[in-house]
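Please read the structure below before turning to the comments.
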């Protein structure tokens, strides 16, 4: 396999463009055809998202059930899942898998527990900050061809550690199938409080506005397709969201010491997610390129999703040859990838040069796939260059802060004259008066106290 070769920073800046997670041009012809069949000729997928959200907002459960029958299971009678069935989750999967999910959950819980901030911080006399958890969280778990129990663990557990009051999960029940037992097992282990058998845009709308049976939440988390991402963007402000996520992306920076087989394996691991997934190798060793490409050919034949991975590698995969590793890091910082893997000597130094990455994976035995499952940090990470200003999902995303001002009369008297000066400069006389009348009271009280002491 020959991947597109890019040489140096100048070529890289031209060719390595960030993907737009809301790129409607990536929507398949089948989805466009189905959209027009449901909503009428000429209605675009983006317009259908707006229509669905508005209908769910106005009609609640009636609209949600209508779309669940239309898109997922025509025989569904209720969107609520019987939570007593979760008691059988452990027996529905193998003991080995249950134990593995439990191990992952413990590591996720441990990591996030250790990153919890102090819940009250005093910054100066009479001024402090209180940290409070959000109350209600909605977690979106996609249906479709692949089940992602790991996403359940990676989104629910940080919210639980943060102290959120309730976490509900939405995931579609597909026609002719039971709810995915592995996803339900993960929900049981993570401590999900309620489950709703809905998916796609209607589920995002239901979580944002609430229905007769589905609670309105404070924050929606979880990745989805481009229509789900667009729905999350539209309801943002009505509710908080974790981010707008596009196709997964990985950059592997490798030097002459790196294993070609490991580099290839990590690139394929990301490429098998999606034909739009991006896997990029950056190296200062020209000899490594051919050996990695040969390893890609050898390994692709071994995977059930090999054709999809091959399609992604040929369309989105790149090899960037740089003069030195500093150039490679500079390119990575510019792209701000979801995942950045450093298979180089002296990772202790090079990690200090990284500014922009959703997650950083150091050395040959810290592959990104470990981060997907059992390392501990959440695998929900910013894509499409948004790692320039956002972070991987953590307990901090489920917390909010409230500044608290509780000044003594003495501290008020010391600070208020300066506040009066600023208020008068802004022409806000009522602001100034709210301070001045208190200053008079403080002054009078001080005078009376002085007379008593005399």
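Give the residue, chosen from 103, 86, that is in contact with a strand residue (DSSP E or B) (Cβ under 8 Å, 6 or more places away or on another chain) and in the same structural domain as residue 162 (by TED's automatic domain parsing). Give the derivation first.
Numbers: 103 fails: in contact with a strand residue (DSSP E or B) (Cβ under 8 Å, 6 or more places away or on another chain).
Selected residue: 86, the only one of 103, 86 that is in contact with a strand residue (DSSP E or B) (Cβ under 8 Å, 6 or more places away or on another chain) and in the same structural domain as residue 162 (by TED's automatic domain parsing).
With respect to residue 381, is the statement that it is outside the structural domain of residue 331 (by TED's automatic domain parsing) and closer than 21 Å to residue 263 by Cβ true? Give the steps one after another, and end with the answer.
Values: outside the structural domain of residue 331 (by TED's automatic domain parsing): yes; closer than 21 Å to residue 263 by Cβ: yes.
Taking the combined requirement at face value, the residue satisfies it.
Considering only helices (runs of 4 or more DSSP H) fully contained in the range 357-454, which possess at least 1 residues that are within 30 Å of residue 332 (Cα to Cα)?
Correct list: 368-373.
Among what's in the range 314-329 and is more than 12 Å from residue 254 (Cα to Cα) and under 24 Å from the mean Cα position of the chain (by Cα), pick the residue that is surrounded by the most Cβ atoms within 10 Å (Cβ to Cβ).
For the range 314-329, the residue satisfying everything is 317.
Of all the residues that make up the range 128-181, how many are under 16 Å from the mean Cα position of the chain (by Cα), crowded, with 24+ Cβ neighbours inside 10 Å and part of a loop (DSSP other than H, G, I, E, B)?
Residues meeting the conditions: 1.
If you go through the range 330-345 one residue at a time, do you hit one that is surrounded by fewer than 20 Cβ atoms within 10 Å (Cβ to Cβ) and more than 25 Å from residue 20 (Cβ to Cβ)?
The answer is yes, given that some residue of the range 330-345 is surrounded by fewer than 20 Cβ atoms within 10 Å (Cβ to Cβ) and more than 25 Å from residue 20 (Cβ to Cβ).
Keeping to the range 24-68, report how many residues are part of a loop (DSSP other than H, G, I, E, B) and closer than 18 Å to residue 213 by Cα.
Of the residues in the range 24-68, 1 are part of a loop (DSSP other than H, G, I, E, B) and closer than 18 Å to residue 213 by Cα.
Does the range 22-35 contain at least one residue that is buried (at least 16 other Cβ atoms within 10 Å of the Cβ) and over 29 Å from the mean Cα position of the chain (by Cα)?
Among the residues of the range 22-35, not one is buried (at least 16 other Cβ atoms within 10 Å of the Cβ) and over 29 Å from the mean Cα position of the chain (by Cα), which makes the answer no.
For the range 205-216, state whether one or more residues are over 29 Å from residue 12 (Cα atoms), part of a strand (DSSP E or B) and outside the structural domain of residue 333 (by TED's automatic domain parsing).
No, there is no match, as no residue in the range 205-216 is over 29 Å from residue 12 (Cα atoms), part of a strand (DSSP E or B) and outside the structural domain of residue 333 (by TED's automatic domain parsing).
With buried (at least 16 other Cβ atoms within 10 Å of the Cβ), touching a helix residue (DSSP H, G or I) at 6+ places or on another chain (Cβ under 7 Å), at pLDDT 95 or above and under 30 Å from residue 107 (Cβ atoms) as the only criterion, which of 366, 432, 394 stands out?
None of the others qualify; the one that does is 394.
Just a yes or no: is a residue in the range 86-101 at pLDDT 95 or above, more than 21 Å from residue 204 (Cα to Cα) and outside any helix (DSSP H, G or I)?
Scanning the range 86-101 turns up at least one residue that is at pLDDT 95 or above, more than 21 Å from residue 204 (Cα to Cα) and outside any helix (DSSP H, G or I).
With 252, 292 as the choices, which residue is touching a strand residue (DSSP E or B) at 6+ places or on another chain (Cβ under 7 Å), free of Cβ contacts under 8 Å to residues at least 60 places away in the same chain and not assigned by TED's automatic domain parsing to the domain that holds residue 57?
When all the criteria are applied, what remains is 292.
The values are calculated or read from the model by the stated rules, or taken from the named source; none is laboratory data. Treat the numbers as computed from the prediction; the structure is a model and nothing was measured. Cβ: placed from backbone, ideal geometry, glycine included. Neighbour counts: every protein chain shown.
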